[in-house]
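Read through the structure below, which is laid out as structure tokens, and then see the notes.
The values are calculated or read from the model by the stated rules, or taken from the named source; none is laboratory data. What you see is a predicted model, and the numbers here were worked out from it, not measured in a lab. We place every Cβ from the backbone using ideal geometry, glycine too, and count neighbours over all the protein chains shown. Only protein heavy atoms, including side chains, enter the accessible area calculation; ligands, DNA and RNA are left aside. Shrake-Rupley method; radii C 1.70, N 1.55, O 1.52, S 1.80 Å.
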Number of protein chains: 2
Amino acid sequence: MQHNLSHTISLLSRTPAALNAFLRDLPDAWTFCNEGANTWSAFDVVGHLIHGERTDWMPRARMILQFGETQTFVPFDRWAQESESQGKSLPQLLDEFARLRSENLDELRGMNLQPADLERRGRHPALGVVNLSQLLAAWVGHDLTHLHQVSRVMAHQYREAVGPWSAYLGVLHCAGHSSP
Amino acid sequence: MQHNLSHTISLLSRTPAALNAFLRDLPDAWTFCNEGANTWSAFDVVGHLIHGERTDWMPRARMILQFGETQTFVPFDRWAQESESQGKSLPQLLDEFARLRSENLDELRGMNLQPADLERRGRHPALGVVNLSQLLAAWVGHDLTHLHQVSRVMAHQYREAVGPWSAYLGVLHCAGHSSP
């Protein structure tokens, strides 16, 4: 389907509650496990999503509207959560993500973007020229990439435990394509 | 990690609320879309999970405890939801899934399974001899397979809309391995 701003906001608004319902108070054995060296746990993923709320999606949307292609987005630090999440609990991160996402969506709604705005272009440091519509659709795709990753990381923990059922469980046959 | 009954119940108990938080009242454009012919939408997945609650996991656990390897599990109908979900809304299915899962986990807790019980064996119609521990771990892996699938099916809808960001969004590079 074409990008639809209303559908985008609907989905983005639900991600924090979905992660909260799934992850809060789950045993650490699920939420702090990863897929091996240099891969992420659910805890890492929530920290990464927080960093995106602060530095990626809305700052880039503002930059497109203000500067167009004349200013290049600041590269996104995909490992920022390593330091930023230190000393925090998963419930704290879930609360922070929910708060930041809510604030960002309030700002997005307040922009009252029109079709012509969504066509406005900016410059990505690696991808080159992109437009605002693509940025907002990618925000959705980024949430979904990390929901997909969290389910895969957890399933990995039971890779041996499921025995012969592994043949039937698609999530166990997903390559590590979305890491990190 | 090894199968852990307490961890299994913790995760299984959260899936209905996670799906509810993510899917309830989302636009139909997200919840009724699929990946093409003979693939499933989020609506189909919730119906499939309901059928599993009724006919798969706990009936098979009971069969293992009662009959061991002498009786073969009834094959699981992976398309049952096509008829069973007809005329129902997604909120109705989410409620039904939550109720059945809760009842099943109450029964599972009530079995007060000991390590020796988890080693008891049954017979799968295709996989052959399996044990109760593997069955319960596979129940978790099955939930995670379908959370993984739902995120992939939704991301597919924005495959074009994200433009050049598709290169970075792992969920768009997941083969259709968990369908249906």
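Between this copy and the others, label points of B:GLY87 are 6.0 nm apart in ascending order, each placed 7 angstrom from Cα in the Cβ direction.
Taken residue by residue and averaged, Cβ atoms of other chains lying within 10 Å of the Cβ of A:69-75 number 0.
Is the C-alpha gyration tensor of the protein assembly as shown telling us rounded, prolate or oblate? Criteria: a/c under 1.5 is rounded; beyond that, a/b larger than b/c is prolate, otherwise oblate. Prolate is the answer for the protein assembly as shown, as a/c is 1.5 or above and a/b outweighs b/c. A 1.4 Å probe, protein heavy atoms only, puts the accessible area of A:ARG123 near 90 Å². In region A:148-178, burial by the other protein chains removes 40 Å² or more of accessible area from A:HIS148, A:SER151, A:GLN157, A:TYR158, A:ALA161, A:PRO164, A:TRP165, A:TYR168, A:LEU169, A:GLY170, A:VAL171, A:HIS177, compared with the chain on its own (1.4 Å probe, ligands and nucleic acids ignored).
The chain A residue nearest the rotation axis shared with chain B, using its Cβ and rounding the distance to whole Å, is A:ALA21, 2. Whenever you get a sec, compute what percent of the accessible area on region A:1-71 sits on carbon and sulfur atoms (1.4 Å probe). Solvent-exposed carbon and sulfur of region A:1-71 make up 46 percent of the total. Accessible surface for region B:103-180, divided over its residues, is 37 Å² per residue with a 1.4 Å probe. These residues, A:SER89, A:SER6, B:SER133, go from largest to smallest accessible area, 1.4 Å probe, as A:SER6, A:SER89, B:SER133. Over all other residues within a Cβ to Cβ distance under 14 Å of B:GLN86, the charged ones net out to -3, with Lys and Arg as +1 and Asp and Glu as -1. Working note: 222 nm ellipticity from helices only, DSSP H runs with n ≥ 4, each -39,500 (n - 2.57), summed and divided by the residues of the protein assembly as shown, gives -18000 deg cm²/dmol to the nearest 500. Each copy carries A:PRO125; placing its label point 7 Å along the C-beta direction from Cα gives inter-copy distances of 5.5 nm, listed from smallest up. Between region B:116-147 and region A:38-105, the C-alpha centres lie 38 angstrom from each other. If you plug the beta carbon distance of B:MET1 and A:THR55 into 1/(1 + (r/R0)^6) with R0 = 30 Å, you get a FRET efficiency near 0.35.
Note on A:ASP117 and B:VAL129: their simple-model spin labels are 6.6 nm apart, each label 7 Å out from Cα toward Cβ.
Which shape class, rounded, prolate or oblate, goes with region B:39-144 when its Cα gyration tensor gives a ≥ b ≥ c as root eigenvalues, a/c under 1.5 marks rounded, and past that a/b bigger than b/c marks prolate? Prolate, since a/c reaches 1.5 and a/b exceeds b/c.
Would you work out if region B:66-117 is rounded, prolate or oblate? Take a ≥ b ≥ c from the square roots of the eigenvalues of the alpha-carbon gyration tensor; rounded if a/c is under 1.5, else prolate when a/b is larger than b/c, oblate otherwise. In terms of gyration-tensor shape, oblate. Mean sequence separation of contacting Cα pairs (under 8 Å, at least six apart), scaled by the length of chain A, corresponds to a relative contact order of 31 percent.
Taking Rh as the Kirkwood radius computed over C-alpha pairs, what is the Stokes-Einstein D of chain B at 10 °C in a medium of viscosity 1.306 mPa s, expressed in µm² per second? Answer, rounded: 91 µm²/s.
Which value, in square angstrom to the nearest 100, describes the accessible area buried between chains B and A on both sides, using a 1.4 angstrom probe? Chains B and A together bury roughly 4900 Å² of accessible area.
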